[in-house]
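Peer 1: My questions will all concern the structure given below.
The values are calculated or read from the model by the stated rules, or taken from the named source; none is laboratory data. In this text the structure is predicted, and so the values were computed from the model without any measurement. Methodologically, a virtual Cβ is constructed for each residue, glycine included, from the backbone with ideal geometry; neighbour enumeration extends over all protein chains shown.
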Amino acid sequence: MNVFARFTRGELRLTRIEALSDGVFAIILTLLVLELKTPPLQEPRSAAELAHRLLELSPKYLSWLISFIILCKFWLNHHHILNLARHADYAMVWLNALFLMGQSFIPFPTALMGEYPDNPLAVSVFGLVMAFNTVLFIILHRYILGRLIKPELVHDQVPHIIRKSFVGVASYLIGAGAAWLSVHAAFAAYFVTPLFFIVPPTRPGVPR
């Protein structure tokens with residue numbers, strides 16, 4: 001039996017995979033906000049100084065907001081594709097683990113972009129990480145559709161959904177490239193991209 005065949009064995013319960021995934025997502029979402037620290041003040045009673053310091057933190061607020069939306073989008077779509085599977089096998093478990101590994105890295109580029117919002121490399125790294133995470137999601141989705149999908153759901157899937165998912169990868173890469181021309185354009189691209197995938201796609205007329 002070859003190595004790949006060994007990974008396609010097993011009929012594991014999806015409930016434990018969902019529980020682990022939800023826990024990881026919850027921790028990541030919590031870690032994001034830890035970068036929003038109270039600013040130090042030379043004059044603790046100065047409202048003007050506090051307002052100025054809070055304004056200086058606006059890139060961190062924006063980075064947090066963008067990452068929060070992206071993570072929620074990933075969680076919702078992840079929940080959707082797990083519901084397509086009739087059960088899990090070892091390959092799916094490891095593909096899911098790789099996807100969660102990528103998700104757990106998101107707080108770092110979020111903090112990097114928030115700390116250095118005018119640095120094109122810092123802003124570009126954020127887009128590259130999000131593109132990589134989207135590829136990991138696509139691989140997991142493709143595996144479920146190819147090997148584990150419930151028979152009754154086969155005909156409900158949007159045609160060419162995997163191909164269409166690469167729009168997200170392209171958008172994040174465009175944002176990463178745009179960072180070297182305008183960091184503001186990159187921020188805009190990162191903010192808009194998850195809005196295209198804010199809910200899982202379904203065929204018209206198919207109830208969900």
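Peer 1: Going through Ala85, Ala131, Ala111 one at a time, which residue ends up being without any contact (Cβ under 8 Å) to a residue 60 or more places away in the chain and not charged (D, E, K, R)?
Peer 2: Step by step, each of Ala85, Ala131, Ala111 is checked, and only Ala131 is without any contact (Cβ under 8 Å) to a residue 60 or more places away in the chain and not charged (D, E, K, R).
Peer 1: In this structure, is Ser171 surrounded by 20 or more Cβ atoms within 10 Å (Cβ to Cβ) and at pLDDT 90 or above?
Peer 2: Considered against the rule, which asks whether it is surrounded by 20 or more Cβ atoms within 10 Å (Cβ to Cβ) and at pLDDT 90 or above, Ser171 comes out as yes.
Peer 1: I need the full set of residues from the range 86-110 which are buried (at least 20 other Cβ atoms within 10 Å of the Cβ) and small (Gly, Ala, Ser), in order please.
Peer 2: Result: Ala88, single match.
Peer 1: Scan the range 184-195 and give yes if some residue there is closer than 30 Å to Glu11 by Cα, surrounded by 17 or more Cβ atoms within 10 Å (Cβ to Cβ), in contact (Cβ under 8 Å) with a residue 12 or more places away in the chain and in contact with a helix residue (DSSP H, G or I) (Cβ under 7 Å, 6 or more places away or on another chain), otherwise no. Steps first, answer last, please.
Peer 2: In the first step, residues of the range 184-195 are kept if they are closer than 30 Å to Glu11 by Cα; the result is none.
No, because not a single residue in the range 184-195 is closer than 30 Å to Glu11 by Cα, surrounded by 17 or more Cβ atoms within 10 Å (Cβ to Cβ), in contact (Cβ under 8 Å) with a residue 12 or more places away in the chain and in contact with a helix residue (DSSP H, G or I) (Cβ under 7 Å, 6 or more places away or on another chain).
Peer 1: Can you go through Glu35, Glu18 and tell me which one is closer than 24 Å to Gln103 by Cβ, assigned to a loop (DSSP other than H, G, I, E, B) and touching a residue at least 60 places away in the same chain (Cβ under 8 Å)?
Peer 2: Values: Glu18 fails: assigned to a loop (DSSP other than H, G, I, E, B).
Every option except Glu35 fails the conditions.
Peer 1: Specify which of the listed residues (Ala185, Ala176, Ala131) is within 30 Å of Glu56 (Cβ to Cβ) and within 13 Å of the chain's Cα centre (by Cα).
Peer 2: Ala131
Peer 1: Can you tell me which residue within the range 30-88, out of those that are charged (D, E, K, R) and over 30 Å from Leu148 (Cβ atoms), is modelled with the highest pLDDT? Give the derivation first.
Peer 2: From the range 30-88, those charged (D, E, K, R) are 35, 37, 43, 45, 49, 53, 56, 60, 73, 86; that's our starting set.
Subset that is over 30 Å from Leu148 (Cβ atoms): 35, 37, 43, 45, 49, 53, 56, 60.
On the way: Glu35: 83, Lys37: 87, Glu43: 91, Arg45: 88, Glu49: 90, Arg53: 90, Glu56: 91, Lys60: 94.
This residue is Lys60.
Per-residue answers, yes or no, for (1) more than 19 Å from Leu76 (Cα to Cα); (2) assigned to a helix (DSSP H, G or I); (3) out of contact with any Leu (no Cβ under 6 Å at 6 or more places or on another chain); (4) of a type outside the set (Phe, Trp, Tyr):
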position: Gly102; (1), (2), (3), (4): no, yes, no, yes
position: Pro109; (1), (2), (3), (4): yes, yes, yes, yes
position: Met130; (1), (2), (3), (4): no, yes, yes, yes
position: Thr134; (1), (2), (3), (4): no, yes, yes, yes
position: Phe166; (1), (2), (3), (4): no, yes, yes, no
position: Gly177; (1), (2), (3), (4): yes, yes, yes, yes
position: Phe196; (1), (2), (3), (4): no, yes, yes, no
position: Pro201; (1), (2), (3), (4): no, no, yes, yes
